[in-house]
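Participant: Here's a structure for you.
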Amino acid sequence: MTHIDRYAVYGNPIKHSKSPQIHAAFAEQTGQELTYRSRLVEVGRFAETAKSFFENGGKGLNITVPFKLDAFDFSDQLSNRARRAGAVNTLAIQNDGAVYGDNTDGIGLVRDINNNLGWEISGKNILILGAGGAVRGVLEPLLRKNPATLVIANRTLEKAELLAKDFSDLGELTVCSFESLGASPFNLVINATSSSLTGELPPLPSNLLTDDACVYDMMYGAEPTPFMRWGAENTAWAVADGLGMLVEQAAESFCMWRGVRPKTKPVIDLLRNMLG
Ligand code: NDP
């Protein structure tokens, strides 16, 4: 009997997930034979569902909202970046049956910014808006690129302060409220708040950007997000959404599972066309 390796993405909700299309495109491009499904998992039942998947021969899982912390707890072994992030978005079964947990969100963001968009991180003044799970995942890879300064602004200041404390050994991190922004401009502003989901925008001053500033929203969609529109109105040099990050983090998972790195550009183009 032919055996085909099985993969899946777990989340709740999950209908919106583009991961099945992304991994199908990677598999076709690299000639890998596998299946990849999305699965709606009941909140509170992550561990039993994942356990059953691996016991029944499943090879790997992607994990999305709200299960990244459950996946962290579920992992028998963790990559350093997953330990740092405190969250897992990729699980892989090892030869000895242990489940390895990794977090590829941060490297996905850095690859998209550096390789796909050609924007610099090293030596630049960078502002991140938000202090949630996504920021925790991206701080290490961003700091490893040696920005000149890295500032985190968040509605709830204590959350930003906690992040700065947890990552202080990797470089200097400054925190501030949205209200105190505007004293100095930034070369790169990354929106990692979920405000775009509700069509909102954090209160931002108009003098936040340098002449060469790039503006990146981790959210993506068919239309520019409110934050991208704010960037364009405030004469940002370049503006991008998080679709490339989504594809890059998936490519990193695929590479870990299959040992082959897919080309991401054609898949980003494919998804962009699908979004309409
Ligand atoms: P969390 O729920 O962990 O954090 C949400 C953050 O947004 C918090 O800092 C919160 O502030 C802030 N926030 C929410 N609403 C507002 C508002 N109206 N005004 C100002 N700040 C607000 O979410 P995640 O960190 O997991 O995700 C953040 C975003 O990143 C989401 O849009 C998500 O879709 C996107 N993302 C994209 C990925 C990709 O591959 N492209 C990967 C991962 C995430 P407070 O602390 O005050 O509550």
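The values are calculated or read from the model by the stated rules, or taken from the named source; none is laboratory data. Values in this document were obtained by computation on a predicted structure and should not be read as measured data. Ideal geometry is used to build each Cβ from the backbone, glycine not excepted, and the neighbour counts take in all protein chains shown. Side chains are part of the model used for accessible areas, which takes the heavy atoms of the whole protein and leaves out ligands, DNA and RNA. Shrake-Rupley method; radii C 1.70, N 1.55, O 1.52, S 1.80 Å.
Participant: Taking the condition over 16 Å from the mean Cα position of the chain (by Cα) and free of Cβ contacts under 8 Å to residues at least 12 places away in the same chain, does Glu158 pass?
Facilitator: yes
Participant: May I ask you to list the residues in the range 122-144 that are hydrophobic (A, V, I, L, M, F, W, C) and either within 16 Å of the ligand (Cβ to nearest atom) or part of a strand (DSSP E or B) (or both)?
Facilitator: Selection gives Ile126, Leu127, Ile128, Leu129, Ala131, Ala134, Val135, Val138, Leu139, Leu142.
Participant: Conditions first: (1) out of contact with any Lys or Arg (no Cβ under 8 Å at 6 or more places or on another chain); (2) among the small types (Gly, Ala, Ser); (3) within 21 Å of Ala213 (Cα to Cα). Ala148 passes all but one, so which condition is the exception?
Facilitator: Single failed check for Ala148: (1).
Participant: Output the number of the condition that Ser194 fails; it satisfies all remaining conditions of (1) within 8 Å of the ligand (Cβ to nearest atom); (2) open to solvent by less than 20 Å² (accessible area, probe 1.4 Å); (3) not aromatic (Phe, Trp, Tyr).
Facilitator: Failing condition for Ser194: (2).
Participant: What's the number of the only condition in (1) part of a loop (DSSP other than H, G, I, E, B); (2) open to solvent by 50 Å² or more (accessible area, probe 1.4 Å) that Trp119 fails to meet?
Facilitator: Unmet condition: (2).
Participant: Would you point out which residue out of Asn95, Asn12, Asn103 is within 15 Å of Trp257 (Cα to Cα) and surrounded by 14 or more Cβ atoms within 10 Å (Cβ to Cβ)?
Facilitator: That would be Asn103, the only listed residue that is within 15 Å of Trp257 (Cα to Cα) and surrounded by 14 or more Cβ atoms within 10 Å (Cβ to Cβ).
Participant: Another question, then. Is at least one residue of the range 57-75 open to solvent by less than 60 Å² (accessible area, probe 1.4 Å), without any contact (Cβ under 8 Å) to a residue 40 or more places away in the chain and more than 26 Å from Asn191 (Cβ to Cβ)?
Facilitator: Scanning the range 57-75 turns up at least one residue that is open to solvent by less than 60 Å² (accessible area, probe 1.4 Å), without any contact (Cβ under 8 Å) to a residue 40 or more places away in the chain and more than 26 Å from Asn191 (Cβ to Cβ).
Participant: Also, I was wondering about something else. Here's a check for you: in the range 205-260, which residue that is among the small types (Gly, Ala, Ser) and more than 15 Å from the ligand (Cβ to nearest atom) is most open to solvent (accessible area, probe 1.4 Å)?
Facilitator: Across the range 205-260, the extreme among qualifying residues is Ser206.
Participant: Right, here's the next one. Is it true that Ala236 is within 15 Å of the chain's Cα centre (by Cα) and hydrophobic (A, V, I, L, M, F, W, C)?
Facilitator: Taking the combined requirement at face value, the residue does not satisfy it.
Participant: Then there is this: Determine if the range 86-104 includes at least one residue that is within 14 Å of the ligand (Cβ to nearest atom) and modelled with pLDDT under 95.
Facilitator: yes
Participant: Scan the range 48-66 residue by residue and report those that are in contact with a strand residue (DSSP E or B) (Cβ under 6 Å, 6 or more places away or on another chain), part of a loop (DSSP other than H, G, I, E, B) and either more than 16 Å from the ligand (Cβ to nearest atom) or farther than 20 Å from His23 by Cα (or both).
Facilitator: Correct list: Gly58, Lys59.
Participant: Now for a separate question. All but one of (1) open to solvent by 20 Å² or more (accessible area, probe 1.4 Å); (2) over 19 Å from the mean Cα position of the chain (by Cα); (3) modelled with pLDDT of 95 or more; (4) not charged (D, E, K, R) hold for Gly171; which doesn't?
Facilitator: (3)
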